[in-house]
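Q: Starting off with a structure, shown below.
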Amino acid sequence: MAEETIFSKIIRKEIPADVVYQDELVTAFRDINPRAPSHILIIPNKLIPTVNDVNDEDEALMGRMFVVARKLAKEEGIAEDGYRLIVNCNSHGGQEVYHIHMHLLGGRPLGPMLMS
Ligand code: AMP
């Protein structure tokens with residue numbers, strides 16, 4: 001059984017967060033340390049620690065994360081100019097919180113995909 005992170009508490013509204021979307025499958029909230037004018041995290045309500053833990057039965061859930069990303073990008077007014085979706089996995093990917101999350105980043109040109 002995977003260990004809960006602070007994101008489970010955000011889903012259950014036990015700690016404050018700027019939640020911009022929630023349904024029966026996913027929750028989205030603004031990143032506490034935004035790296036771009038729009039920086040939203042889209043997470044499954046179910047605890048899946050990393051991409052390595054995604055199972056076949058999670059296909060619809062993973063799809064919902066993309067559908068919500070598309071809706072939020074439109075709401076944020078960044079859909080036309082463009083944006084970036086990032087999912088970090090484990091230490092080489094730079095993952096800090098072990099509850100899978102999709103970063104939605106936009107609102108300015110984001111530069112090259114990788115620093116090096
Ligand atoms: P990652 O490095 O992909 O695991 O990203 C974790 C992200 O979670 C970082 O961008 C953090 O700024 C963000 N974060 C951590 N704690 C919170 C929180 N309580 N509310 C909102 N965002 C958070």
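Q: Under 7 Å by Cβ, and 6 or more places apart or on different chains, what pairs join a residue from the stretch 1-30 that is in contact (Cβ under 8 Å) with a residue 24 or more places away in the chain with one that is open to solvent by 50 Å² or more (accessible area, probe 1.4 Å) and more than 13 Å from the ligand (Cβ to nearest atom)?
A: Filtered contacts from the stretch 1-30: L25/R64; V26/R64; A28/Y21.
Q: Output the number of the condition that K71 fails; it satisfies all remaining conditions of (1) within 24 Å of L110 (Cα to Cα); (2) within 13 Å of the ligand (Cβ to nearest atom); (3) out of contact with any Leu (no Cβ under 6 Å at 6 or more places or on another chain).
A: That leaves (2) as the condition not met.
Q: Let me ask something else about it. Is it true that some residue in the stretch 77-88 is among the hydrophobic types (A, V, I, L, M, F, W, C) and crowded, with 17+ Cβ neighbours inside 10 Å? Before the answer, list the steps.
A: Residues of the stretch 77-88 that are among the hydrophobic types (A, V, I, L, M, F, W, C), as a first pass: 78-79, 85-87.
Keeping just the survivors that are crowded, with 17+ Cβ neighbours inside 10 Å gives 78.
Yes, the conditions are met somewhere in the stretch 77-88.
Q: Need pairs with beta-carbon distance below 6 Å; first residue over 13 Å from P49 (Cβ atoms) and within the stretch 83-103, second open to solvent by 50 Å² or more (accessible area, probe 1.4 Å) and within 9 Å of the ligand (Cβ to nearest atom); sequence gap 6+ or separate chains.
A: That search, which allows pairs on different chains as well, returns M102/V87; H103/I86.
Q: Could you grab me the full set of residues in the stretch 3-35 that are more than 11 Å from the ligand (Cβ to nearest atom), over 14 Å from the mean Cα position of the chain (by Cα) and either surrounded by 12 or more Cβ atoms within 10 Å (Cβ to Cβ) or on the phi > 0 side of the Ramachandran plot (or both)?
A: E4, K13
Q: Kindly indicate whether K46 is touching a helix residue (DSSP H, G or I) at 6+ places or on another chain (Cβ under 9 Å) and of a type in the set (K, R).
A: In short, yes.
Q: Test each condition in (1) under 15 Å from the mean Cα position of the chain (by Cα); (2) over 27 Å from P16 (Cβ atoms); (3) surrounded by fewer than 13 Cβ atoms within 10 Å (Cβ to Cβ); (4) not basic (K, R) for N55 and report the one that comes out false.
A: (1)
Q: Could you list, in sequence order, all residues of the stretch 47-65 that are closer than 25 Å to P112 by Cα and in contact with a strand residue (DSSP E or B) (Cβ under 8 Å, 6 or more places away or on another chain)?
A: M65
Q: Here's another thing I want to ask about it. Give the residues of the stretch 36-51 that are within 14 Å of the ligand (Cβ to nearest atom) and either more than 14 Å from V97 (Cα to Cα) or at pLDDT below 95 (or both), sorted by residue number.
A: A36, S38, H39, I40
Q: Tally the residues that are open to solvent by 60 Å² or more (accessible area, probe 1.4 Å) and either in contact with a Ser or Thr (Cβ under 9 Å, 6 or more places away or on another chain) or not charged (D, E, K, R) (or both), restricting the search to the stretch 91-106.
A: Selection size over the stretch 91-106: 3.
The values are calculated or read from the model by the stated rules, or taken from the named source; none is laboratory data. All figures in this text were calculated on a predicted structure; none of them were measured in a lab. Using ideal geometry, Cβ is built from the backbone for each residue, glycine included, and neighbour counts are taken over all protein chains shown. When the accessible area is computed, the model is the full protein with side chains, heavy atoms only, and any ligands, DNA or RNA have been set aside. Shrake-Rupley method; radii C 1.70, N 1.55, O 1.52, S 1.80 Å.
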